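In what follows, a structure is listed as structure tokens, so that the remarks can point back to it.
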């Protein structure tokens, strides 16, 4: 997910692989669902990952928003189990315990291929949520023989004239203009989350819609999932700043180049963090792609409300 901060740093609403090393599984719900954490060592560091859903389910890689982490899909883990989907979420370089790198967006597909190889996965689909959009589309461009389908949820398009700005763009522009200032602000946010998570989450939610606040703040389970997700996202402020800058800079490819793989878009008409015009623009760039604009959902509620649909799309 993506949120915004002020220039003073206040929170407003925000191949190369060796065998994978598993760090164990954490019980997630009373129905027996588990969240399996691990890491894949690479020649230049490591990438952390988390798996949700059945281990023998259809493999789907989940690319988190920004700020976000491998723990983000916990919000839809029950839907993954119901759909028979094995969701694999990877911390991008500099997020959580993944090694910080000076990557480009187009370096990401090679890293995903390395994780897939280490986990014994051949073909797979990908899901990009919010700021994870460029990384999902890059996989379609660079790995067309391995990527079966791409689902984009509450997705952010490339920065271009004519697209309305969302609440999240303040964060992206601050970090893009001055990484030092952005990193310092992100460090302050991370410290606040660790010191007083309740106050930090309430401050964050000021930029959300009422529906998003209801979903996260009024559910103890969802609140805790978001808290853990954000704590991991802010572990490395400089790495998080790198990740955000990749969204703001040219991606290295055009959206239309992802046309060789089936792509679907899900977006909420009430999304104030990333306006729905972003999905509509990318849909026009990819003739034949699927588009769902829900008139009643916003940024986070679109992810939860349409999880069954985009998981089915990705796994079919």
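Out of 256, 235, which single residue is assigned to a loop (DSSP other than H, G, I, E, B) and either under 27 Å from residue 164 (Cα atoms) or under 19 Å from the mean Cα position of the chain (by Cα) (or both)?
Going through 256, 235 in turn, the sole match is 235.
Give me the residue from the stretch 292-315 that is out of contact with any helix residue (DSSP H, G or I) (no Cβ under 6 Å at 6 or more places or on another chain) and assigned to a loop (DSSP other than H, G, I, E, B) and, out of that set, farthest from residue 277 (Cα to Cα).
By that ranking, first place goes to 306.
Restricting to the stretch 274-291, count the residues that are in a loop (DSSP other than H, G, I, E, B) and either more than 20 Å from the chain's Cα centre (by Cα) or modelled with pLDDT under 95 (or both).
The qualifying residues number 4.
If a residue must be crowded, with 16+ Cβ neighbours inside 10 Å and either touching a strand residue (DSSP E or B) at 6+ places or on another chain (Cβ under 6 Å) or closer than 21 Å to residue 284 by Cα (or both), how many such residues does the stretch 206-247 contain?
Residues in the stretch 206-247 being crowded, with 16+ Cβ neighbours inside 10 Å and either touching a strand residue (DSSP E or B) at 6+ places or on another chain (Cβ under 6 Å) or closer than 21 Å to residue 284 by Cα (or both): 3 in total.
Considering only the stretch 173-182, state which residues are at pLDDT below 80 and crowded, with 18+ Cβ neighbours inside 10 Å.
Selection gives 174, 176.
Is it fair to say residue 60 is touching a strand residue (DSSP E or B) at 6+ places or on another chain (Cβ under 8 Å), modelled with pLDDT of 95 or more and closer than 11 Å to residue 90 by Cβ?
No; evaluated as a whole, the condition is false for this residue.
Run down 185, 199 and say which single residue is in contact with a helix residue (DSSP H, G or I) (Cβ under 9 Å, 6 or more places away or on another chain), part of a helix (DSSP H, G or I) and surrounded by fewer than 20 Cβ atoms within 10 Å (Cβ to Cβ).
199
Pick out, from the stretch 30-117, the strands (runs of 3 or more DSSP E) lying fully within it that include 1 or more residues that are surrounded by fewer than 24 Cβ atoms within 10 Å (Cβ to Cβ), on the phi < 0 side of the Ramachandran plot and out of contact with any helix residue (DSSP H, G or I) (no Cβ under 9 Å at 6 or more places or on another chain).
Qualifying strands (runs of 3 or more DSSP E): 34-42, 45-52.
The values are calculated or read from the model by the stated rules, or taken from the named source; none is laboratory data. The structure presented is a predicted model; accordingly, all values stated were derived computationally and were not measured. Here the Cβ is made from the backbone with ideal geometry for all residues, glycine too, and neighbour counts use every protein chain on show.
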